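The values are calculated or read from the model by the stated rules, or taken from the named source; none is laboratory data. The shown structure was predicted, so the numbers you read here are calculated from the model rather than taken from an experiment. Cβ atoms come from the backbone with ideal geometry, glycine included; neighbour counts cover every protein chain shown. Note: areas computed on protein heavy atoms with side chains; ligands, DNA, RNA excluded. Shrake-Rupley method; radii C 1.70, N 1.55, O 1.52, S 1.80 Å.
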Amino acid sequence: MRKSILAAGAVLVVAGLAFTGCSAGSGGNGGDSTKVLTVGMPNGPQQPNQNPLATGSASLSLGYAFVVYESLMQNNEIDPTEAPTPWLAESIEWNPEYTQATITPREGVKWSDGEDFTAEDIAFSIQLRKDNPELNIDFPDQYGDITVEDGKVVVNFTTGQYVNDVKLYRLLIVPEHIWKGEDAVTFSDDKMV
């Protein structure tokens, strides 16, 4: 009895969907319509801003910054205990207090415009966040000196970052050769590389 009721209900649902999809609608003019579908988003209307560092930019708000720009490492969010996968960084080594990270950039990487990716790009990207508090949501007032030594980036922190190491791994890196001289807060990065 229960199976027949469920089967009858399923048939009614399928039939209802089929009839709804086949209805002529209000115009019946072959699909041409002057009506506009407006889709509301909880984050409001977007401005054309591709800046992957600016918290209100369309690229971050809609998530495509993570498709265009790369991070230092990739993390498994399903199993956060799994070691991060090297991405733009070949490795990131921490001192025992987690107050200093040494980042080894991956060799042989090029930006999409053909320029070489370097340790200077990493240091520059982190320095932008240090110099512009409005871009630095992950490590507010926690960056110390940022230097390039022997092709590696050394990032010092004012406090231990044991619980924040993943935030460093996820930082998006921008090309110094394009961003140098730009105001990192207002730069809309219309030609993403």
Mind jotting down the three principal axis lengths of segment 88-164 based on Cα atoms? Whole angstrom, largest first. 37, 29, 20
Provide the solvent-accessible area of residue 116, counting protein heavy atoms only and rolling a 1.4 Å probe, rounded to the nearest 10 Å². 90 Å²
Once the other residues with Cβ under 14 Å from the Cβ of residue 59 are scored (Lys, Arg +1; Asp, Glu -1), what is the net sum? -2
Dividing the alpha-carbon radius of gyration of segment 65-114 by 2.2 N^0.38 Å, where N counts its residues, gives 1.32
Loop only per DSSP, at most 16 neighbouring Cβ atoms within 10 Å: give me the GluC sites (Glu not before Pro) in segment 97-171, ordered by residue number. 97, 107, 115
Per 10 Å bin from zero, what fraction in whole % of the C-alpha pairs of segment 54-193 is there, up to the bin with the longest pair? 11, 44, 38, 7, 0
Residue by residue through segment 155-168, what is 3J(HN,Hα) from phi via Karplus (6.51 cos²θ - 1.76 cosθ + 1.60, θ = phi - 60°)? Round to whole Hz and write x for glycine and proline. 10, 9, 10, 7, 9, x, 10, 3, 7, 10, 4, 5, 4, 5
